[in-house]
Amino acid sequence: MMNIKILFDNNAGKKSILTGWGFSVLVDDSILFDTGEDGESLLSNMKEMGVRLDELEAVVISHDHWDHTGGLWGVLKKRKGIKVYACPGFSEEFKKKVRDLSGDLREPDDFIEIKENIFATGRIQGEYKMQPIEEQALAVKTAKGITVITGCAHPGVVRIVEKVKEKFKKEKLYCVFGGFHLKNEQKEEINVVIGQLETLGLIKCGPAHCSGEVALNEFKKRFAGDYITIAAGKEFEV
């Protein structure tokens with residue numbers, strides 16, 4: 001099993017945790033996935049949850065939007081030289097800032113094992129406001145199966161999961177959580193997505209961040225006891 005800590009989200013699981021627009025997750029106490037909208041809140045939540053910066057081994061950024069990169073700069077100022085995994089198509093401004101703050105920038109084009117049984121998918125092409133965007137997700141392999149963690153899922157959460165399933169053909173799909181970017185979708189479209197994930201064998205799910213209240217309610221109805229409520233300050237095992 002691997003420990004999951006939700007460090008940043010729109011919702012908080014307890015009063016001492018700060019919230020904001022964005023998402024950030026710590027996997028296995030060492031791999032940081034996305035960083036929320038600002039470093040001050042992220043670092044405060046890390047301290048509140050007992051996360052030590054000197055134990056971080058790498059940061060993976062899903063896509064080049066402020067609500068996922070905003071906290072990175074605060075982390076880099078305190079943790080020089082850490083590996084930062086980005087998609088090749090991220091802006092030159094982002095890449096320059098990482099290097100200026102002494103981050104060790106990596107730009108994988110395809111699946112890469114960051115730490116034993118923790119993988120970045122590499123870039124998956126998506127679209128945001130009629131413009132192309134590159135995004136990557138995390139895949140975590142445990143005895144329970146594969147867990148997929150998404151930032152915003154601009155390429156589509158089903159498409160991301162399909163890419164992970166193609167990589168791990170013999171593994172069952174245990175859990176998918178993170179931003180599903182369904183906040184502007186109608187109930188009918190959301191239920192099509194749910195059905196597709198069920199067909200892929202999904203056992204547990206946890207929509208968060210940009211998924212939208214309608215999607216949260218629909219996933220909760222369909223997955224019932226296998227629905228995971230995602231909120232900053234929460235911990236669970238996969």
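Only the coordinates and a few stated rules stand behind these numbers; no lab work does. This structure is a prediction, so every number in the text was calculated from the model and none was measured. Don't worry about glycine lacking a Cβ; one is built from the backbone with ideal geometry, like all the others, and counts go over all protein chains shown.
Couple of notes before you dig in:
- Global form of the range 162-238, assessed from the alpha-carbon gyration tensor, a/c cut-off 1.5: oblate
- Other residues whose C-beta falls under 14 angstrom from the C-beta of Gly122 contribute a net charge of -2, scoring Lys and Arg +1 and Asp and Glu -1.
- Each label point was placed 7 Å from the Cα along the Cα-to-Cβ direction; for Ile203 and Tyr128 their separation is 3.2 nm.
- For the chain, the share of alpha carbon pairs falling in successive 10 Å distance bins from zero is 8, 36, 39, 16, 1 percent.
- Helix 157-167 vs. the chain, principal-axis angle (Cα, 0 to 90°, nearest 10): 80
- Helix-derived mean residue ellipticity, 222 nm - over the chain, DSSP H n ≥ 4, -39500 (n - 2.57), to 500: -8000 deg cm²/dmol
- Positive minus negative residues near Asn191 (Lys, Arg vs Asp, Glu; Cβ under 13 Å): -1
- Distant-in-sequence amide H partners of Tyr128 (H built 1.01 Å from N, under 5 Å): Ile133
- Global geometry of the range 1-130, whether rounded, prolate or oblate, following the gyration tensor of its Cα atoms and the 1.5 cut on a/c: rounded
- Placing R0 at 25 angstrom, the Cβ-Cβ distance between Asp226 and Gln186 gives a FRET efficiency of 0.55 after rounding to 0.05.
- Neighbour count of at most 11 Cβ within 10 Å plus DSSP loop: longest trypsin sites (Lys or Arg not before Pro)-free window in the chain: 171-238
- Computed over neighbours whose Cβ is under 10 Å from that of Ala232, the net charge equals +1, Lys and Arg +1, Asp and Glu -1.
- Förster radius 30 Å - calculated FRET efficiency between Asn217 and Asp29 (Cβ-Cβ, nearest 0.05): 0.40
- Angle between the chain longest axis and helix 213-223 axis [Cα atoms, degrees, rounded to 10]: 60
- Among Ile160, Ile124, Ile112, residue whose mean-square fluctuation peaks in a GNM of the chain (springs only between Cα atoms under 10 Å): Ile112
- The alpha carbon gyration tensor of the range 107-194 gives principal lengths a ≥ b ≥ c with a/c of 1.5 or higher and a/b no greater than b/c, which makes the shape oblate.
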